[in-house]
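A.B. asks: Here's a structure for you.
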Amino acid sequence: MKNRVIGIDPGLSSTGYGILDFNRDKFKPLEGGVAKTVISDNLETRLKSIFDDIREVVIEYKPKIMAVEDLHSRYRNLKTAIIMGHARGVVCLVASQFHIPVFHYQPTQIKNIITGSGRADKIQIQRSVSRLLNLNFDSLNEHVADAYAAAICYSMMFNNVSYK
């Protein structure tokens, strides 16, 4: 498999990532994890922690593409949207440092491609990702599942493949 993508589910407390090799409709998950931050740390420290963790993953796995879940269109709290924007910015900075093109996908677009419904819940995403990647559903973290979903979304759009 020649195409390697890192999917990212950005968040200030937990940023999920999933590294995926793909060739047409074949997927090979390489690594999935979560960059966690300490809630009591200040914003700058938490953003640096995300930066450092994602940078390490990029150095180790050398993805050619980054697929990032975009901000939701409706946040109840404007501050949440701004904080999420900070986390997304840090992840994009890592991509920029390594000259990795970044593709942004709306959550509803990812859900629709992965499950067939833009209104799918977290459990449906986890089930679909675990089925597509042949991973154990019970051990698949929701942030890792969302990150893999972004990576799968990119690969499906890249290959113009539909799994609905």
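A.B. asks: Give me a comma-separated list of calculated 3J(HN,Hα) values for region 52-57, in order, Karplus coefficients 6.51, -1.76, 1.60 applied at θ = phi - 60°, integers in Hz, x for any Gly or Pro.
C.D. replies: Each residue's phi maps through the Karplus curve to give 4, 5, 5, 4, 4, 5 Hz.
A.B. asks: Another question, if that's okay. Got a sec? Which residues in region 10-24 would a label at LEU43 touch, if it sits 7 Å along Cα→Cβ and we count backbone N under 18 Å?
C.D. replies: 10-15
A.B. asks: Moving on to the next point. Please build a GNM for the chain, connecting alpha carbons under 10 Å apart, and tell me which residue among ASP53, ASP138, ASP70 fluctuates the most.
C.D. replies: Per the Cα network of the chain with a 10 Å cutoff, ASP138 tops the list.
A.B. asks: With Cβ to Cβ distances under 12 Å as the rule, what net charge do the other residues near TYR154 carry (K, R +1; D, E -1)? Mind dumping the intermediate values first?
C.D. replies: Values: positive: ARG4, LYS64; negative: GLU69.
My count for the surroundings of TYR154 gives +1.
A.B. asks: Pick from HIS99, HIS86, HIS143 the residue whose mean-square fluctuation is largest in a GNM of the chain, springs joining Cα atoms under 10 Å.
C.D. replies: Taking springs between Cα atoms under 10 Å, the residue moving most is HIS99.
A.B. asks: Which one, ILE19, ILE100, ILE39, has the greatest fluctuation when you compute a Gaussian network model over the chain with C-alpha springs under 10 angstrom?
C.D. replies: Its mean-square fluctuation being the largest, the pick is ILE39.
A.B. asks: Around GLU69, under 14 Å between beta carbons, what's the net of Lys plus Arg minus Asp minus Glu among the other residues?
C.D. replies: Details: positive: ARG88, LYS111, LYS122; negative: ASP9, ASP70, GLU142, ASP146.
Here the charged neighbours net out to -1.
A.B. asks: Still on this structure, please answer the following. Quote the Stokes-Einstein diffusion coefficient, in whole µm² s⁻¹, for region 21-72, based on the Kirkwood radius over alpha carbon pairs, a temperature of 10 °C and a viscosity of 1.306 mPa s. Mind dumping the intermediate values first?
C.D. replies: Details: Rh = 13.3 Å.
Stokes-Einstein gives a translational diffusion coefficient of 120 µm²/s.
A.B. asks: Sticking with this structure for a sec: What is the distance in Å between the Cα centres of region 58-115 and region 122-148?
C.D. replies: 18
A.B. asks: Taking K and R as +1 and D and E as -1, what net charge do the other residues with C-beta under 12 Å from the C-beta of ILE50 add up to?
C.D. replies: Summing Lys and Arg as +1 and Asp and Glu as -1 gives -1.
A.B. asks: Checking the cross-link filter: which lysines have an alpha carbon closer than 21 Å to that of LYS64, excluding same-chain neighbours under 8 positions apart?
C.D. replies: LYS2, LYS26, LYS28
A.B. asks: Please list the radius of gyration and Dmax for the chain, considering alpha-carbon atoms only, with Å as the unit.
C.D. replies: Radius of gyration, then largest Cα-Cα span, for the chain: 14.7, 44 Å.
A.B. asks: Separate question: Mind checking which lysines have their Cα closer than 20 Å to the Cα of LYS122? Skip sequence neighbours fewer than 8 apart in that chain.
C.D. replies: Of all the lysines, those that pass the test against LYS122 - Cα under 20 Å, at least 8 places apart if same chain - are LYS36, LYS111, LYS164.
A.B. asks: Subtracting the Cα-Cα distance from 0.36 nm times the residue separation, let me have the gained length for LEU30 to LYS122 in nm, one decimal. Don't jump to the answer; show the numbers that get you there.
C.D. replies: Numbers: separation 92, 0.36 × 92 = 33.12 nm, distance 2.17 nm.
Full extension of this stretch gives 31.0 nm more.
Throughout, read-outs are computed from the coordinates displayed, never taken from laboratory work. Just so it is clear, the model here is predicted, and its values are computed rather than measured. Here Cβ is always computed from backbone atoms with ideal geometry, including for glycine, and neighbour counts include all displayed protein chains.
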